[in-house]
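Have a look at the structure below, then the notes.
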Amino acid sequence: MTITVIEEACAVECIDEIAATPGIDVLFIGTSDLSFSLGLRGRQNEPKLHDAIKRIVDAGRRHNKFLGRPAANAEQIVEFRKQGFQMFQCMTELGLIAQGARQLLEPLGIGGIPVERKSLY
């Protein structure tokens, strides 16, 4: 499987040519880098970024490519799947472990602040 990462404004300008390239299976959008390339300094809720993403999605559909992008949580994955995305970059395994640990420890009053330990002796 060949994944092409689209994260530059110039790639959006050539997206049909990129999507038509034989051997490319996935168009993966690096949304943060693309936002910076568009002059948006990483802001993800800008119409200019959304328009660029739509152009990439449309080209992917025209050329029968899988679409991918980052997703921060399950709600975003559900939303992005409705837009046609099938591949997601999510948190790392360490992030998943930390999230699971928080779910267990926070109800016990153990959060992000280290707990003072009393000596057993």
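Observations, loosely collected:
- Distance in nm between pseudo-label sites at D25 and I77 (7 Å out along the Cβ direction from Cα): 1.9 nm
- Footprinting exposure proxy for L94, L27 (fewest neighbouring C-beta atoms within 10 Å first): L94, L27
- Amide H within-cut-off set for V5, under 5 Å, with H built and near neighbours excluded: F28
- Nearest-ten-degree value, helix 93-105 long axis tilted from longest Cα axis of the chain: 40 degrees
- Stokes-Einstein D for the chain, Kirkwood Rh over Cα pairs, 25 °C, 0.890 mPa s (µm²/s): 148 µm²/s
- In the chain, lysine pairs closer than 22 Å at Cα, eight or more apart or cross-chain: 4
Each value in this text was obtained by applying a stated rule to the coordinates, not by laboratory testing. In this text, all values refer to a predicted model and were calculated from it rather than measured experimentally. We place every Cβ from the backbone using ideal geometry, glycine too, and count neighbours over all the protein chains shown.
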